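Have a look at the structure below before the remarks.
The values are calculated or read from the model by the stated rules, or taken from the named source; none is laboratory data. Since the structure is predicted, the reported quantities are computational estimates derived from the model, not experimental observations. Heads up, the Cβs are rebuilt from the backbone with ideal geometry, glycines too, and the neighbour counts pull from every protein chain shown.
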Amino acid sequence: MTVTVTADMTMSLDGYIAGTEHGVADPGGKGADRIGGWIHAESSRRERSGPGGGEADQDSEIMREWFEATGSVVMGRLMYDSGVDFWGDTPPFRCPVFVLTNRPAPALVKEGGTTFTFVTEGIHSGLDQARAAADGRNVDIAGGARTVQQYLRARLVDELQLHVIPVLLGAGLRLFDNLGLGSHDLEPIRVVDTPGATHLKYRILK
């Protein structure tokens, strides 16, 4: 069975996924509340590991679609380090997560079905392990920017979904830097406009 490799990212209208001064202690940097704040208000996110409640709207259904379609996740070590405490004992992924790192560590099993496995052999090994664990569902390259850029540069991503927030940050961490030479042709799959975001889904042509 063919497994679809996706990347699903929230960004400002001018292409930033984090503001300035971002790091482990403040992964979103300045302006992060305007970029990623909508995610934490959605009922489909809150019911995964939070207190419940939240907004049951079209944005929430798009996020629910992502959760239900994703069988495993790949992320970089910075995303893991900056998120693991915030996600708590019950991370929202509820599937195997493969963390790209140069620091070996034993697998970390969390409640709700999330297991963090640390991969030191590079992006191809991480993807191979994630494919094997996905049970026929999608593998999502969750971030951060450098990790997504590596997979895009290697042309290993099949679908790209962008949640574009109507704000101009002006500076920060850009998603589409460092992609190497050559164009990446995209085929539009879906556009959904909501008051908080424009959700753009593309197939990446190989």
Mind checking whether some residue in region 80-96 is over 17 Å from the mean Cα position of the chain (by Cα), surrounded by 14 or more Cβ atoms within 10 Å (Cβ to Cβ) and at negative phi?
yes
Residues that are among the basic types (K, R) and in contact (Cβ under 8 Å) with a residue 24 or more places away in the chain: does region 105-125 have at least one?
no
Counting just the residues of region 1-35 that are more than 17 Å from the chain's Cα centre (by Cα) and among the polar types (S, T, N, Q), which one comes out modelled with the highest pLDDT?
T2
Among the residues of region 130-145, what is the count of those that are crowded, with 19+ Cβ neighbours inside 10 Å and not in a helix (DSSP H, G or I)?
8
Mind counting the residues in region 161-188 that are in contact (Cβ under 8 Å) with a residue 60 or more places away in the chain and assigned to a strand (DSSP E or B)?
7
The one condition G50 fails out of (1) of a type in the set (G, A, S); (2) under 28 Å from A171 (Cβ atoms); (3) modelled with pLDDT under 95 is (2)
Quick one: count up the residues across region 41-70 that are within 21 Å of L200 (Cα to Cα) and either of a type in the set (S, T, Y) or touching a residue at least 12 places away in the same chain (Cβ under 8 Å) (or both).
19
Of these, V157, V148, V191, which one is β-branched (V, I, T), part of a loop (DSSP other than H, G, I, E, B) and either at pLDDT 95 or above or farther than 28 Å from A56 by Cα (or both)?
V157
Evaluate the following for R103: is it touching a Gly at 6+ places or on another chain (Cβ under 8 Å) and not β-branched (V, I, T)?
no
Among the residues of region 1-26, the number that are buried (at least 21 other Cβ atoms within 10 Å of the Cβ) and either of a type in the set (K, R) or outside any strand (DSSP E or B) (or both) is 2
Quick one: how many residues across region 177-191 are in contact with a Leu (Cβ under 8 Å, 6 or more places away or on another chain) and not basic (K, R)?
7
When region 54-93 is checked residue by residue, the ones that are part of a helix (DSSP H, G or I), small (G, A, S) and over 24 Å from V192 (Cα atoms) are S82, G83
